[in-house]
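Asks: Sending over a structure as structure tokens; questions will come in a sec.
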Number of protein chains: 2
Amino acid sequence: MTADPTPHVEVSGNVTGRPRETAGGIQSLDAALWVLTTMARLDGAVGLSDLARACGMPASKTHRYLASFINAGLVRQNGRSGTYDLGPGAIEIGLAAINRHDFVNSVADRFSELTEETGLTGLLCVWGNSGPTVVRWIRAANFIVTSLGLGSTLPLLSSATGRVFFAWLPETITEKLMHEELKRARASGRVIGEAGSGVKGARALAARVREAGYATVDGRFIPGLVAASAPILDWQDEAQAVVTLIGTNPKDIEPGSPAIAALTRFCAEHSVPDRG
Amino acid sequence: MTADPTPHVEVSGNVTGRPRETAGGIQSLDAALWVLTTMARLDGAVGLSDLARACGMPASKTHRYLASFINAGLVRQNGRSGTYDLGPGAIEIGLAAINRHDFVNSVADRFSELTEETGLTGLLCVWGNSGPTVVRWIRAANFIVTSLGLGSTLPLLSSATGRVFFAWLPETITEKLMHEELKRARASGRVIGEAGSGVKGARALAARVREAGYATVDGRFIPGLVAASAPILDWQDEAQAVVTLIGTNPKDIEPGSPAIAALTRFCAEHSVPDRG
DNA sequence: GTCAACGATTCCAGATTATGCAATGAGTTT
DNA sequence: AAACTCATTGCATAATCTGGAATCGTTGAC
């Protein structure tokens, strides 16, 4: 296929440019995948003529590609001569891709960029058998002494990390630890920071964290240290991992601060996009 | 490309046969999509040589297809000359396909209410290229994770989910998988639960499931776990999705139990009313 | 009921790419 | 250092892909 001279016309307003042809690849496959990708970015079923225009291709060429996609199950057609849409094969490939996406390692690979950008110490946690569990540390220039090491678990309600897991995991997973921590708090006469009293207070805190998109704790959890955490979200809007930044300056965890902005952007970039 | 004389060799034991070339399609695209589909059915990242063998193709040919898939984002490579795996573009296409599935989306929005009410683990499945495919699940407390994961396919005749699809989908859709499972059952000398022997037994089971309005399996399919499934029906009385509850207490799947009542009510609420 | 318009689908001659084997490059093991 | 394995690329040849035109099917206007 010669380079396509037709100006790229978008139907739905998506901005993503057409990829150039692959070095060492197959040109007709490149063109075909452009059709598939364009279809995925449209809002729903589309007619052949509209899709061909959106792709900047003759309809006969687009039709041949669609025939192969239909045969493979990636596309289906609503009746003979009807509109085209993504099919069960697309669901299957997508689910396979999501299922084998390694959330933790994809974050860990670029984790140091975040700590370099913000100058804060970074912590990466997953949900383990005993609750929030540290799997990565990156100490920034600000030297912080703490007992937290790899494998440490953090409290659910009084740490920023724990609060993010509490907000973004189903309560069936977190409720046991929640009740244990509330019980210990009652026994010791302590109130767990903003969690206030009892289950209702904990749930209200979780609602505030979800609304904000992240959690913070000030210097009272670990004297002298402040922390902010945000979730890495999967296809079901559940936290697969939590990233936390730790520092000493309370301004770093104020809403709108550069560190908060960097943290939430970094976590959004590593989450599954456009979750239902 | 001439018809491929190389015997079809499977790496992971998946059964679905290689599709024949598309009438009115593009042969190189058919071959390329075979590579992609095969990769999706493998358990994880794969080397070029292994993937080429699994597809019955020369490595140089497979390599060119992969180059185009990488360029489109559907595949990524772990380092130069490293293994290949599905990429973010595949996630994007899969999510686009799922997000257009109106029945799945309406159920998913209220799915957690059902699992909270019953205290059981919930699965939501659609019919994919390889059969019943998990698109959502919510774990109950203390649920021991089995091999079920996003994208998993379930058997047609020996799982509750599969039996519901078998009962409420046209046989033109399910017959291939039915014959494959009956063949494997004969080869291994096993009888598939209540399916009894052969096609007649399978159809008799389907009739019983339709009459009851739901399917169950006791602890023999997955030792120690019981399950009940019901269909989300469209305007043609076909199962667009299936909801399954999984637990450990056999009383939960007895006729008339609160869980069965909640499941069938929930599915009826999400089905098209007054079908037929 | 007829006819025009529109969109999907198929045909076909010519243009162009895809292909498989061999060669090459890179990394690992002995 | 040599051998081996796997990924990547070159190249002559085989084979397909292509775009416009023709055809088919459906729908709506009259």
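Asks: Considering only residues that are in a helix (DSSP H, G or I) and within 7 Å of chain A (Cβ to nearest Cβ), look in region B:25-38 and name the one that is nearest to DNA strand D (Cβ to nearest atom). Talk me through it step by step, then tell me what you get.
Replies: Filtering region B:25-38 for residues in a helix (DSSP H, G or I) gives B:27-38.
Okay, now just the ones that are also within 7 Å of chain A (Cβ to nearest Cβ), so B:28-30, B:32-33, B:36-37.
Values: B:28: 4, B:29: 6, B:30: 8, B:32: 9, B:33: 11, B:36: 15, B:37: 17 Å.
Residue satisfying both the conditions and the ranking: B:28.
Asks: Suppose the filter is open to solvent by 90 Å² or more (accessible area, probe 1.4 Å) and in contact (Cβ under 8 Å) with a residue 24 or more places away in the chain; does residue B:203 pass it?
Replies: Values: open to solvent by 90 Å² or more (accessible area, probe 1.4 Å): yes; in contact (Cβ under 8 Å) with a residue 24 or more places away in the chain: no.
No: the conditions fail for residue B:203.
Asks: Is it the case that some residue within region B:1-8 is farther than 15 Å from residue A:100 by Cβ, within 13 Å of another protein chain (Cβ to nearest Cβ) and at pLDDT below 95?
Replies: Step one: of region B:1-8, the residues farther than 15 Å from residue A:100 by Cβ are B:1-8.
Next cut, within 13 Å of another protein chain (Cβ to nearest Cβ) only: B:1.
Retained after the next criterion (residues that are at pLDDT below 95): B:1.
Yes, region B:1-8 contains a residue that is farther than 15 Å from residue A:100 by Cβ, within 13 Å of another protein chain (Cβ to nearest Cβ) and at pLDDT below 95.
Asks: Let me spell it out: the conditions are (1) touching a residue at least 24 places away in the same chain (Cβ under 8 Å); (2) farther than 28 Å from residue B:249 by Cα; (3) within 8 Å of another protein chain (Cβ to nearest Cβ), and residue B:126 meets all of them except one. Which number is the exception?
Replies: All conditions are met except number (2).
Asks: While we're looking at this one, here's another question. Among the numbered criteria (1) open to solvent by less than 60 Å² (accessible area, probe 1.4 Å); (2) without any contact (Cβ under 8 Å) to a residue 40 or more places away in the chain, which one does residue A:215 miss?
Replies: Of the numbered conditions (1) open to solvent by less than 60 Å² (accessible area, probe 1.4 Å); (2) without any contact (Cβ under 8 Å) to a residue 40 or more places away in the chain, the odd one out for residue A:215 is (2).
Asks: Additional query: Of everything in region B:39-61, what is closer than 17 Å to residue A:72 by Cα and within 11 Å of chain A (Cβ to nearest Cβ)? Give them in sequence order.
Replies: B:39, B:40, B:41, B:42
Here's the yes/no breakdown for (1) touching a helix residue (DSSP H, G or I) at 6+ places or on another chain (Cβ under 6 Å); (2) surrounded by 23 or more Cβ atoms within 10 Å (Cβ to Cβ); (3) assigned to a strand (DSSP E or B); (4) at positive phi:
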{"residue": "A:93", "(1), (2), (3), (4)": "yes, yes, no, no"}
{"residue": "A:97", "(1), (2), (3), (4)": "yes, yes, no, no"}
{"residue": "A:104", "(1), (2), (3), (4)": "no, no, no, no"}
{"residue": "A:117", "(1), (2), (3), (4)": "yes, no, no, no"}
{"residue": "A:125", "(1), (2), (3), (4)": "yes, yes, yes, no"}
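Asks: Conditions: (1) buried (at least 18 other Cβ atoms within 10 Å of the Cβ); (2) within 15 Å of DNA strand D (Cβ to nearest atom). Residue A:76 meets all but one. Number of the miss?
Replies: Just one mismatch for residue A:76, condition (2).
Asks: Select from region B:19-51 the residues that are of a type in the set (Gly, Ala, Ser) and within 10 Å of DNA strand C (Cβ to nearest atom) and list them in ascending order. So that I can check it myself, show each step before the final result.
Replies: Filtering region B:19-51 for residues of a type in the set (Gly, Ala, Ser) gives B:23-25, B:28, B:31-32, B:40, B:44-45, B:47, B:49.
Across region B:19-51, the qualifying residues are B:23, B:24, B:25, B:28, B:31, B:32.
Asks: Could you grab me the full set of residues in region A:52-99 that are more than 9 Å from DNA strand C (Cβ to nearest atom) and basic (Lys, Arg)?
Replies: A:53, A:76
Asks: Right, something else. Just one of the numbered conditions (1) open to solvent by 30 Å² or more (accessible area, probe 1.4 Å); (2) under 18 Å from residue B:116 (Cα atoms); (3) touching a strand residue (DSSP E or B) at 6+ places or on another chain (Cβ under 6 Å) is not true of residue B:249; which one?
Replies: Among (1) open to solvent by 30 Å² or more (accessible area, probe 1.4 Å); (2) under 18 Å from residue B:116 (Cα atoms); (3) touching a strand residue (DSSP E or B) at 6+ places or on another chain (Cβ under 6 Å), the lone unmet condition for residue B:249 is (3).
Asks: For residue B:111, indicate whether it is of a type in the set (Phe, Trp, Tyr), assigned by TED's automatic domain parsing to the domain that holds residue B:233, crowded, with 23+ Cβ neighbours inside 10 Å and over 21 Å from residue B:41 (Cβ atoms). Show your work before the answer.
Replies: Working: of a type in the set (Phe, Trp, Tyr): yes; assigned by TED's automatic domain parsing to the domain that holds residue B:233: yes; crowded, with 23+ Cβ neighbours inside 10 Å: no; over 21 Å from residue B:41 (Cβ atoms): yes.
Judged against the criteria, residue B:111 is not a match.
Condition check ((1) of a type in the set (Gly, Ala, Ser); (2) within 11 Å of the chain's Cα centre (by Cα); (3) part of a loop (DSSP other than H, G, I, E, B); (4) modelled with pLDDT of 85 or more) across all residues:
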position: B:132; (1), (2), (3), (4): no, yes, no, yes
position: B:137; (1), (2), (3), (4): no, no, no, no
position: B:150; (1), (2), (3), (4): no, yes, yes, no
position: B:167; (1), (2), (3), (4): yes, no, no, yes
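Asks: On the basis of being surrounded by fewer than 21 Cβ atoms within 10 Å (Cβ to Cβ), in contact with a strand residue (DSSP E or B) (Cβ under 9 Å, 6 or more places away or on another chain) and under 22 Å from residue A:129 (Cα atoms), does residue B:139 make the cut?
Replies: Details: surrounded by fewer than 21 Cβ atoms within 10 Å (Cβ to Cβ): yes; in contact with a strand residue (DSSP E or B) (Cβ under 9 Å, 6 or more places away or on another chain): yes; under 22 Å from residue A:129 (Cα atoms): yes.
When the stated conditions are applied, residue B:139 passes them.
Asks: Right, something else. Go through region A:52-73 and give me each residue that's more than 7 Å from DNA strand D (Cβ to nearest atom) and in a loop (DSSP other than H, G, I, E, B).
Replies: If the condition is that a residue be more than 7 Å from DNA strand D (Cβ to nearest atom) and in a loop (DSSP other than H, G, I, E, B), then A:56, A:73 are the ones that fit.
The values are calculated or read from the model by the stated rules, or taken from the named source; none is laboratory data. These figures come from a predicted structure and were not determined experimentally. Reconstructed Cβ throughout: ideal geometry from the backbone, glycine too, with neighbour counts over all protein chains shown. To get the accessible areas, we keep the full protein, side chains included, count just its heavy atoms, and leave off ligands, DNA and RNA. Shrake-Rupley method; radii C 1.70, N 1.55, O 1.52, S 1.80 Å.
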